[in-house]
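Okay, so here's the structure we're looking at.
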Amino acid sequence: MNYDSRNYPRKEPGYRDIKERLSDYDEVEKSLSEEEIKTQASRCLDCGTPFCHGYACPLGNLIPETNQLVKEGLYKDALELLTSTHQFPEFTARICPALCEGSCVLSINEEAVTIRQIEKMIVEKGYEQGWIKPRIPLKRHKEHLAVIGSGPAGLAAADCLNQKGYNVTVYEKNAHPGGLLLYGIPNFKLDKKIVRRRINLMKEEGITFECDVKVGVDISFNYLKKRFTAVILAGGTQQPRDLDIPGRSLKGIYFATEYLKAQNREIINETGGVPEELNASGKNVTIIGGGDTGSDCIGTALRQGAKKVYQLEIMPRFPLCRSDHNPWPEWPRIDRISSSHQEGGFRYWSVRTTSFEGNKKGEVKKLHCIEVDWINEKGKYIPVDSKNSSFIIEAELVLLAMGFLGPGPDPFADMLRLERAINGSIKIDEKHMTSVPGIFSAGDMARGQSLVVRAIADGKAAAEDIDNIITSGSMALLKGYR
């Protein structure tokens with residue numbers, strides 16, 4: 001059957017009813033039926049140059065070919081093709097912003113193919129049918145490799161090296177492996193059972209996970225040097241951007257990462273509940289930062305029973321459609337209304353917080369804010385306070401979600417005095433090696449704050465570099481360092 005994209009428009013799966021989903025922390029996004037997925041896959045064009053994977057996808061997924069297999073109902077073949085480039089499609093199928101869809105050729109004149117939804121169906125059918133099962137290497141090398149950090153980059157590096165036959169141990173400072181995937185992203189976007197399912201599979205494949213271990217504190221460099229040929233640092237970006245304004249020391253002002261982690265720890269039964277100071281129940285909540293992390297805080301606060309939720313963003317609001325200065329195939333810089341935004345709360349753009357005000361107990365009670373105008377000054381846009389535009393927001397809980405500055409202080413990196421880049425990230429060469437032979441770094445820790453899909457791609461690339469170095473014997477590694 002031949003499909004015409006004009007007769008079969010893009011179809012989104014939609015979300016569960018708002019009232020229903022605010023009563024739990026289950027995933028909010030629905031799934032399309034198998035027949036709907038086949039129809040959506042059939043919208044994919046026979047592109048001469050498929051920008052979706054050649055230009056946009058950090059992993060280089062073979063998207064048109066995968067869609068063709070789905071269209072023909074060859075789901076197992078589609079899974080094999082998808083996983084030939086991508087180790088964890090069940091993660092990105094839920095949380096990736098779909099860079100591929102932003103550069104879909106069809107989107108020049110129509111709406112893009114629902115690539116993310118197609119990948120989600122493929123991988124979930126793979127688990128359902130038992131096609132995804134432990135891949136245990138037939139042969140093991142003598143080398144033992146350590147990965148520090150079990151977020152997206154660390155898991156990708158560990159998986160790749162394990163499949164190449166190396167003995168891999170992953171060290172994680174938290175009680176459970178998963179990093180950002182387990183502790184940072186809300187359950188209503190990425191169910192923690194999905195993360196644990198993959199990690200359990202990796203354990204069956206031979207990877208060892210050592211949790212509650214702070215490398216550089218609980219174990220030393222000498223300990224690692226005696227046991228491992230190389231070490232990969234994949235600790236992510238741990239230092240959130242702060243807001244140095246009057247009143248910052250008041251109680252009730254926290255980083256968004258602390259807040260989201262507290263809720264996720266309760267969900268995975270790691271604690272007896274969310275601490276009172278990090279519980280939005282009955283409180284006016286203000287989130288400073290208009291990105292995805294801020295949106296995650298909105299959804300979490302509403303589920304906790306917040307009285308009111310505000311989200312402030314200093315940048316102006318993006319347009320609803322591409323501007324002339326943002327042509328295809330660039331990533332469309334448009335206003336995106338997340339599932340959390342649909343659930344409630346108030347959003348403000350071009351707003352700067354000037355100070356916090358508290359009560360006699362030292363608890364935050366108000367935010368003093370002012371609107372800003374973005375002025376072009378010598379080719380650079382700067383915010384200028386707008387006259388007579390100041391206002392006050394009442395809040396008993398303030399969450400800072402303004403991005404990250406880099407990995408921050410790290411006991412292991414600091415002990416070795418690893419060189420840092422200007423932005424504070426761990427400095428690496430073209431082979432992912434740091435200033436100390438045998439110590440590598442990947443993901444946000446080395447590249448700066450980015451997307452999960454980019455972290456996975458960089459972890460995979462680092463593993464390839466390490467394998468090439470070991471097999472070629474071209475460089476001195478950890479055991480040769482003195």
*Scope region 185-198; condition in contact (Cβ under 8 Å) with a residue 40 or more places away in the chain and either over 20 Å from M445 (Cβ atoms) or in contact with a Leu (Cβ under 6 Å, 6 or more places away or on another chain) (or both); matching residues*: P186, N187, F188, K189, L190, D191, K192, I194, V195, R197, R198
*Residue selected from region 199-219 under the condition part of a helix (DSSP H, G or I) and free of Cβ contacts under 8 Å to residues at least 40 places away in the same chain, by the criterion farthest from F88 (Cα to Cα)*: K203
*Any idea how many residues of region 105-155 are in a loop (DSSP other than H, G, I, E, B) and closer than 23 Å to H176 by Cα?*
8
*Within the bounds of region 277-291, is there any residue that is in a loop (DSSP other than H, G, I, E, B), at positive phi, touching a residue at least 60 places away in the same chain (Cβ under 8 Å) and in contact with a helix residue (DSSP H, G or I) (Cβ under 8 Å, 6 or more places away or on another chain)?*
yes
_Taking the conditions exactly as written (touching a residue at least 60 places away in the same chain (Cβ under 8 Å), over 23 Å from D429 (Cα atoms), of a type in the set (G, A, S) and in the same structural domain as I288 (by TED's automatic domain parsing)), does G247 satisfy them or not?_
yes
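Does L82 qualify as being among the hydrophobic types (A, V, I, L, M, F, W, C), surrounded by fewer than 18 Cβ atoms within 10 Å (Cβ to Cβ) and closer than 25 Å to P134 by Cα?
Against the criterion (among the hydrophobic types (A, V, I, L, M, F, W, C), surrounded by fewer than 18 Cβ atoms within 10 Å (Cβ to Cβ) and closer than 25 Å to P134 by Cα), L82 does not qualify.
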*Under 8 Å between Cβ atoms, at least 6 apart or on separate chains: pull out the pairs that start in region 151-173 with a residue that is under 14 Å from A461 (Cβ atoms) and end on any residue that is of a type in the set (A, V, I, L, M) and modelled with pLDDT under 95.*
none
*Within region 384-402, can one find any residue that is surrounded by fewer than 17 Cβ atoms within 10 Å (Cβ to Cβ) and closer than 26 Å to G216 by Cα?*
no
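Specify which of the listed residues (K360, K365) is assigned to a strand (DSSP E or B), charged (D, E, K, R) and out of contact with any Cys (no Cβ under 7 Å at 6 or more places or on another chain).
Details: K360 fails: assigned to a strand (DSSP E or B).
Just a single option satisfies the conditions, and that option is K365.
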*Please enumerate the residues belonging to region 72-104 that are free of Cβ contacts under 8 Å to residues at least 60 places away in the same chain, more than 22 Å from G151 (Cβ to Cβ) and assigned to a loop (DSSP other than H, G, I, E, B).*
E72, G73, L74, S84, C104
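Do we find a residue being more than 30 Å from G305 (Cα to Cα), surrounded by 16 or more Cβ atoms within 10 Å (Cβ to Cβ) and not hydroxyl-bearing (S, T, Y) anywhere in region 358-375?
Yes, because at least one residue in region 358-375 is more than 30 Å from G305 (Cα to Cα), surrounded by 16 or more Cβ atoms within 10 Å (Cβ to Cβ) and not hydroxyl-bearing (S, T, Y).
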*Report the residue count in region 262-274 for those that are farther than 17 Å from D24 by Cβ and either surrounded by fewer than 18 Cβ atoms within 10 Å (Cβ to Cβ) or touching a strand residue (DSSP E or B) at 6+ places or on another chain (Cβ under 7 Å) (or both).*
3
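Regarding region 380-403, can at least one residue be identified that is assigned to a helix (DSSP H, G or I), more than 21 Å from the chain's Cα centre (by Cα), at pLDDT 95 or above and aromatic (F, W, Y)?
no
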*For region 118-135, what are the residues that are closer than 14 Å to R198 by Cα and of a type in the set (A, V, I, L, M, F, W, C)?*
V123, W131, I132
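The values are calculated or read from the model by the stated rules, or taken from the named source; none is laboratory data. Everything numeric in this text was worked out from a predicted model, so none of it was measured. Cβ sites come from the backbone with ideal geometry, for glycine too, and all protein chains shown count toward neighbours.
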